[in-house]
Amino acid sequence: AEEENLWMRRQCPVCGSAAQLSTLDKEDGKRHLYCLLCGAEWRFMRLKCSYCNSAQTDGMKFISEEGGHWRIDVCDQCRGYLKTLDEKKAGGTTGGFIPAVADVATLYLDLFAEKEGYKKLFFFPPEAAGKTTADAAETIH
């Protein structure tokens, strides 16, 4: 049990990229983040922004799809968002969860979040940590 808490950071423990998806465990509600660049999965605090690391709960909220098992976790401090699958609401039938496929299948949530003024961090090199996609692109070029 102690081993699973060794890496409770917002960036991927393998490549340092930002998480693109998360899940809430059906048994205990623990949050797991997923990196789409290298495929890593790691635990993270449930009530903390995975982008700016804010733990101000009054600025953290989620927007659920009606009758569905996906939601968007949003942070009003940095205006970041992360798509989250609630395994309990999915009936525990998430076996075979493939993060890259889930990310594409939930593009409608990205469109909704961006329309509401939230942004998503994408893959970036270590020197661009904490920057948005546009900022990271400027760092690379």
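The values are calculated or read from the model by the stated rules, or taken from the named source; none is laboratory data. Being a predicted model, the structure only gives us computed values, none of them experimental. When we count neighbours, we look across all protein chains shown, and the Cβ atoms used for this are built from the backbone with ideal geometry, even at glycine. Side chains included, ligands, DNA and RNA excluded: accessible areas come from the protein's heavy atoms. Shrake-Rupley method; radii C 1.70, N 1.55, O 1.52, S 1.80 Å.
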> Among Val74, Val101, Ile63, whose Cα lies farthest out toward the positive end of the dipole of the range 61-120, if unit charges sit on the beta carbon of Lys, Arg (+1) and Asp, Glu (-1)?
Replying inline: Val74
> How do Asp25, Asp110 rank by accessible surface area computed with a 1.4 Å probe, from largest to smallest?
Replying inline: Asp25, Asp110
> Largest first, what is the accessible-area ranking of Ser50, Ser64 with a 1.4 Å probe?
Replying inline: Ser64, Ser50
>> I'd like the accessible area for Glu116, computed on protein heavy atoms only with a 1.4 Å probe and all protein chains in place. Round to 10 Å², please.
In response: 90 Å²
